[in-house]
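The values are calculated or read from the model by the stated rules, or taken from the named source; none is laboratory data. Note that this is a predicted model, so its numbers are computed, not measured. As a convention, Cβ positions derive from the backbone with ideal geometry for all residues, glycine included, and neighbour counts pool all protein chains shown.
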């Protein structure tokens, strides 16, 4: 198991995506019961925007995590199935 200090840029970016995605999912649940809460709406907008930016950055450098970002790569081809998925250990599952 890797220590926090030995994480690669890819792992750090993926961890940030997980954190921001959790916050977005959590605030969506809150908004289901508090739809007029302006503070929650503002939080959602901020974190949703950050998530989109992080997802596009990840896709540009490492390949898309979702089909929505499949065209955000640095190539002019369809690369969706060419990279290992995040849960696969590179070189071991393919």
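General observations
- Scanning segment 61-85 for residues that are surrounded by 14 or more Cβ atoms within 10 Å (Cβ to Cβ) and either within 24 Å of residue 25 (Cβ to Cβ) or modelled with pLDDT of 85 or more (or both) gives 62, 63, 64, 65, 69, 70, 72, 80.
- Checked against the criterion of being buried (at least 16 other Cβ atoms within 10 Å of the Cβ) and modelled with pLDDT of 80 or more, the candidates 54, 29, 41 yield just one match: 54.
- Test for residue 91: is it on the phi > 0 side of the Ramachandran plot, loosely packed, with under 11 Cβ neighbours inside 10 Å and at pLDDT below 95: yes
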